[in-house]
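The values are calculated or read from the model by the stated rules, or taken from the named source; none is laboratory data. Since the model is a prediction, treat every value here as computed from it, not as a measurement. All Cβ positions, even for glycine, are placed from backbone atoms using ideal geometry, and neighbour counts span all protein chains on display.
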Amino acid sequence: MEPTEMQARPFVTRLCGPALWVYFDEDCGICQLTVRWLRPLDAGRRLTFLGYLDPLPLPPGLDLDTLEARRANEIVVYAPERGFVHGGARGIVEILSALPLLRFVVWPARLPGLSHLSEALYRLVARNRRRISAALGLNACRVRPPAGSAST
């Protein structure tokens, strides 16, 4: 990147890193809650949240069927400026790295060993997201929240 190009970018944009498209399951309560927590932390407006019910635009090289297949198991994160697509725990690390308040605390998740541990933890939560959502009184992937609880 040319120095003049670097100076032209706003400070927050440089601090936050690349813009990310975040594809999430908008029907899942824990996913909705996570997005609701992340939005206020996105000071640089680097995150674009895209639900799977209306997943356009699609990342290059990722068709709707492939995106739907990945949807069942993980969040998908695409960086249009850099061209990478990540899912699972690595996608979460990329999201947190784009947030000024959290980018410096996620570096341990990139270390060998810890990255495997974070992926295993992500997979455990992903496999049980319907039960976790229901236990929290949230939408649980096409299951309505219990009567009397707040709907998202």
Query raised in the report: For the subset of region 88-114 comprising residues that are of a type in the set (Gly, Ala, Ser) and out of contact with any helix residue (DSSP H, G or I) (no Cβ under 6 Å at 6 or more places or on another chain), which member is farthest from Glu26 (Cα to Cα)?
Result: Gly113
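Can you name the residue in region 76-109 that is assigned to a loop (DSSP other than H, G, I, E, B) and charged (D, E, K, R) and is also surrounded by the fewest Cβ atoms within 10 Å (Cβ to Cβ) among such residues?
Once the filter is applied, the top-ranked residue is Glu81.
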Query raised in the report: Is region 110-132 home to any residue that is modelled with pLDDT of 85 or more, surrounded by 12 or more Cβ atoms within 10 Å (Cβ to Cβ), out of contact with any Gly (no Cβ under 7 Å at 6 or more places or on another chain) and under 13 Å from Val22 (Cα atoms)?
Result: no
Query raised in the report: How many residues does region 57-75 contain that are part of a loop (DSSP other than H, G, I, E, B), polar (S, T, N, Q) and without any contact (Cβ under 8 Å) to a residue 24 or more places away in the chain?
Result: 0
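Ile92 - would you say it is within 23 Å of Ala134 (Cα to Cα) and touching a Gly at 6+ places or on another chain (Cβ under 8 Å)?
On the way: within 23 Å of Ala134 (Cα to Cα): yes; touching a Gly at 6+ places or on another chain (Cβ under 8 Å): no.
Considered against the rule, which asks whether it is within 23 Å of Ala134 (Cα to Cα) and touching a Gly at 6+ places or on another chain (Cβ under 8 Å), Ile92 comes out as no.
Yes/no matrix, rows are residues, columns are (1) at pLDDT 70 or above; (2) crowded, with 18+ Cβ neighbours inside 10 Å; (3) under 30 Å from Ala135 (Cα atoms):
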{"position": "Glu2", "(1), (2), (3)": "no, no, no"}
{"position": "Met6", "(1), (2), (3)": "no, no, no"}
{"position": "Asp25", "(1), (2), (3)": "yes, yes, yes"}
{"position": "Ile30", "(1), (2), (3)": "yes, yes, yes"}
{"position": "Trp37", "(1), (2), (3)": "yes, no, yes"}
{"position": "Leu41", "(1), (2), (3)": "yes, no, yes"}
{"position": "Leu50", "(1), (2), (3)": "yes, yes, yes"}
{"position": "Pro55", "(1), (2), (3)": "no, yes, yes"}
{"position": "Pro60", "(1), (2), (3)": "yes, no, no"}
Requested in this report: Might you let me know whether region 31-41 holds any residue that is outside any helix (DSSP H, G or I), touching a residue at least 60 places away in the same chain (Cβ under 8 Å) and in contact with a strand residue (DSSP E or B) (Cβ under 8 Å, 6 or more places away or on another chain)?
Outcome: no
Requested in this report: Mind telling me which of the residues Leu96, Leu102 ends up being at pLDDT below 85 and within 15 Å of the chain's Cα centre (by Cα)?
Outcome: Leu102
